[in-house]
Amino acid sequence: MLTVSGLKRLHISVSFDLQDGECVALQGPSGVGKTELLRSIADLDPNEGTVKLDGTLREAIPAPAWRKQVTYLATEPGWWSDIVQEHFTVWDDARPLVTRLGLPDGCGPWPIQRLSTGERQRLGLVRALMLRSRVFLLDEPTSALDAASTTAVESLIAERIANGTSVVWSTHDNAQARRIGTFVGLNGQAGAFVGAGLAMGLFVIAGPLLDLL
């Protein structure tokens, strides 16, 4: 279980518990603080408060190890090499996920510059999934994808959730929020997540996530 208590970053103040195999779909207008919230949980930006995984304080875990367990995926993933497969420890292990998300089996030797925004998004997701993290913090992971690719991503994440992975998924798509979210969080005003439901203060709507399987 991921426990967030009194997390503060800029205008955000949030507390919530996220159970194993639970997905919160996080919604709100641009600038409300969705990205800041996700990055703060991953400890990528300065923040205050207490964050625990299964009762272990974030500060007790080396930062790289924490981020392998509680993994943030940006809308536009970063790249540190010119070639696709050089971003993967073992490219052959990643290929089944790559093809499942509609990318060619032979894209490993491609230069990053050849990739479209949507292809980069999907490969970034594969890279994150290879970590087999306990918690995924997904920042609009399908914003550049067509309907078929979006469905493939949602189905793959749903399988991980069914196997106990927890997810906080930021999206501007109301229909997607209801498809993927065990809970759907809607903000009331900038930086203030209000309503009833989780301790986070989110308005909660049941979502048929497992129906994707």
Task: Residue match in the stretch 93-102 (condition: buried (at least 20 other Cβ atoms within 10 Å of the Cβ), modelled with pLDDT of 95 or more and of a type in the set (Ser, Thr, Tyr)) - done: no
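Confirm whether residue 8 is part of a strand (DSSP E or B), within 21 Å of residue 139 (Cα to Cα), of a type in the set (Lys, Arg) and in contact with a Lys or Arg (Cβ under 9 Å, 6 or more places away or on another chain).
Against the criterion (part of a strand (DSSP E or B), within 21 Å of residue 139 (Cα to Cα), of a type in the set (Lys, Arg) and in contact with a Lys or Arg (Cβ under 9 Å, 6 or more places away or on another chain)), residue 8 does not qualify.
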TODO: For residue 35, state whether it is in contact (Cβ under 8 Å) with a residue 40 or more places away in the chain, surrounded by 15 or more Cβ atoms within 10 Å (Cβ to Cβ) and out of contact with any Phe, Trp or Tyr (no Cβ under 7 Å at 6 or more places or on another chain).
DONE: yes
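Looking only at residues in the stretch 184-197 that are part of a loop (DSSP other than H, G, I, E, B) and buried (at least 20 other Cβ atoms within 10 Å of the Cβ), which one is modelled with the lowest pLDDT? Walk me through how you get there before you give the answer.
Looking only at the stretch 184-197, we keep the residues that are part of a loop (DSSP other than H, G, I, E, B), and these are 187-188, 190-191, 193-197.
Subset that is buried (at least 20 other Cβ atoms within 10 Å of the Cβ): 187, 193.
Working: 187: 52, 193: 44.
Ranking the candidates gives 193 first.
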TODO: Would you please name the residue that is modelled with the highest pLDDT, looking only at residues in the stretch 7-39 that are over 13 Å from the mean Cα position of the chain (by Cα) and small (Gly, Ala, Ser)?
DONE: 21
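Does residue 21 satisfy being touching a residue at least 60 places away in the same chain (Cβ under 8 Å) and of a type in the set (Gly, Ala, Ser)?
In short, yes.
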TODO: Might you let me know whether the stretch 71-89 holds any residue that is farther than 20 Å from residue 166 by Cα, in contact with a strand residue (DSSP E or B) (Cβ under 7 Å, 6 or more places away or on another chain) and buried (at least 17 other Cβ atoms within 10 Å of the Cβ)?
DONE: no
TODO: Output the residues belonging to the stretch 112-155 that are in contact with a strand residue (DSSP E or B) (Cβ under 8 Å, 6 or more places away or on another chain) and among the polar types (S, T, N, Q).
DONE: 133
- [ ] Determine which single condition residue 68 fails, assuming it passes every other condition in (1) of a type in the set (Lys, Arg); (2) closer than 18 Å to residue 139 by Cα; (3) modelled with pLDDT under 95.
- [x] (3)
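So, in the stretch 103-120, of the ones that are of a type in the set (A, V, I, L, M, F, W, C) and assigned to a loop (DSSP other than H, G, I, E, B), which residue ends up surrounded by the most Cβ atoms within 10 Å (Cβ to Cβ)? Outline the logic, then answer.
Step one: filter the stretch 103-120 for residues of a type in the set (A, V, I, L, M, F, W, C), giving 103, 107, 110, 112, 115.
From what's left, assigned to a loop (DSSP other than H, G, I, E, B): 103, 107, 110, 115.
Details: 103: 21, 107: 17, 110: 17, 115: 17.
Only one residue fits best here, namely 103.
Being within 27 Å of residue 69 (Cβ to Cβ) and loosely packed, with under 13 Cβ neighbours inside 10 Å narrows it down to one residue among 181, 164; which is it? If you could, list the steps in order and put the result at the bottom.
Working: 181 fails: loosely packed, with under 13 Cβ neighbours inside 10 Å.
Just a single option satisfies the conditions, and that option is 164.
Just checking, which of 98, 168 is outside any helix (DSSP H, G or I) and either of a type in the set (A, V, I, L, M, F, W, C) or in contact with an Asp or Glu (Cβ under 8 Å, 6 or more places away or on another chain) (or both)?
The conditions single out 168.
Restricting the stretch 12-26 to residues that are in contact with a helix residue (DSSP H, G or I) (Cβ under 8 Å, 6 or more places away or on another chain) and more than 20 Å from residue 154 (Cβ to Cβ), which is surrounded by the fewest Cβ atoms within 10 Å (Cβ to Cβ)?
12
Of the residues 123, 131, 44, which is in a helix (DSSP H, G or I), modelled with pLDDT of 95 or more and either surrounded by fewer than 17 Cβ atoms within 10 Å (Cβ to Cβ) or out of contact with any Lys or Arg (no Cβ under 8 Å at 6 or more places or on another chain) (or both)? Give the derivation first.
On the way: 131 fails: in a helix (DSSP H, G or I); 44 fails: in a helix (DSSP H, G or I).
One residue alone meets the criteria, 123.
The values are calculated or read from the model by the stated rules, or taken from the named source; none is laboratory data. Everything numeric here is computed off the predicted structure, so don't read it as measured data. Neighbour counts run over all protein chains shown; Cβ positions are idealised from the backbone, glycine included.
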